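A short worksheet on the structure shown next.
The values are calculated or read from the model by the stated rules, or taken from the named source; none is laboratory data. Note that the coordinates shown come from a computational prediction; the quantities given were computed from them, not determined experimentally. Don't worry about glycine lacking a Cβ; one is built from the backbone with ideal geometry, like all the others, and counts go over all protein chains shown.
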């Protein structure tokens, strides 16, 4: 699979298209990892959908040094419905990704990394899902607030994305700190389950 397929996934997710629904491109030799999906927003993980894409033309197990280079966040909540839990989401994401990479023998470095890491988070309290009424054969839009995180690992010389993971989930208006940590833990851990070793 070429890095352009991964970049298309990332750009669509960052633009908000995937916050309405989550569908991966399983063509072209992609190696998707689909997590569970459902409608659990009470602090569980059943509603979290995780996908990863890997460019297998890279010798990913040979990359052992990494550096964080960027982070981004976007929130669409014009009615101010969402109440932050107090969790430093960025720090928690970096902690979890660092743990996963270290568990695979990688080390953070300042100079000459084999890969650079970027993450982005988003929240859309105005996202809509399409609900099908099978009895009448009609479709309706219904509110379905979504949040997501994307992790990218990029080759510093070619500037190509060789690994991308994303998680999309339902969002509650007032999450607890513990629920946020548990849900991020699940999302990041699931993303790295198929990381080449």
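Are any residues in segment 150-171 out of contact with any helix residue (DSSP H, G or I) (no Cβ under 7 Å at 6 or more places or on another chain) and under 23 Å from residue 83 (Cβ atoms), and if so, which ones?
If the condition is that a residue be out of contact with any helix residue (DSSP H, G or I) (no Cβ under 7 Å at 6 or more places or on another chain) and under 23 Å from residue 83 (Cβ atoms), then 170, 171 are the ones that fit.
If we scan segment 106-118, do we find a residue that is free of Cβ contacts under 8 Å to residues at least 40 places away in the same chain and either surrounded by fewer than 19 Cβ atoms within 10 Å (Cβ to Cβ) or in contact with a helix residue (DSSP H, G or I) (Cβ under 6 Å, 6 or more places away or on another chain) (or both)?
Checked against the condition, which is being free of Cβ contacts under 8 Å to residues at least 40 places away in the same chain and either surrounded by fewer than 19 Cβ atoms within 10 Å (Cβ to Cβ) or in contact with a helix residue (DSSP H, G or I) (Cβ under 6 Å, 6 or more places away or on another chain) (or both), segment 106-118 yields at least one hit.
Given the conditions (1) buried (at least 16 other Cβ atoms within 10 Å of the Cβ); (2) free of Cβ contacts under 8 Å to residues at least 60 places away in the same chain, which single one is not true for residue 139?
Only one criterion is unmet by residue 139, namely (1).
Just the residues that are under 30 Å from residue 158 (Cα atoms) and crowded, with 19+ Cβ neighbours inside 10 Å, please, taken from segment 42-57.
49, 50, 51, 52, 53, 54, 55
How do the strands (runs of 3 or more DSSP E) wholly within segment 88-197 filter down when requiring 3 or more residues that are over 20 Å from residue 71 (Cβ atoms) and in contact with a strand residue (DSSP E or B) (Cβ under 7 Å, 6 or more places away or on another chain): which remain?
The qualifying strands (runs of 3 or more DSSP E) are 128-133, 138-143.
Which of the numbered conditions does residue 86 fail, given that it passes all the others? Conditions: (1) loosely packed, with under 14 Cβ neighbours inside 10 Å; (2) out of contact with any helix residue (DSSP H, G or I) (no Cβ under 6 Å at 6 or more places or on another chain).
It fails just one condition, (2).
Residues that are at pLDDT 95 or above and in contact with a helix residue (DSSP H, G or I) (Cβ under 9 Å, 6 or more places away or on another chain): does segment 68-76 have at least one?
yes
Out of curiosity, is residue 54 touching a strand residue (DSSP E or B) at 6+ places or on another chain (Cβ under 7 Å) and modelled with pLDDT of 90 or more?
Against the criterion (touching a strand residue (DSSP E or B) at 6+ places or on another chain (Cβ under 7 Å) and modelled with pLDDT of 90 or more), residue 54 qualifies.
Condition first: within 15 Å of the chain's Cα centre (by Cα) and either without any contact (Cβ under 8 Å) to a residue 40 or more places away in the chain or more than 15 Å from residue 101 (Cβ to Cβ) (or both). Now tell me which residues in segment 47-69 satisfy that.
47, 48, 49, 50, 51, 53
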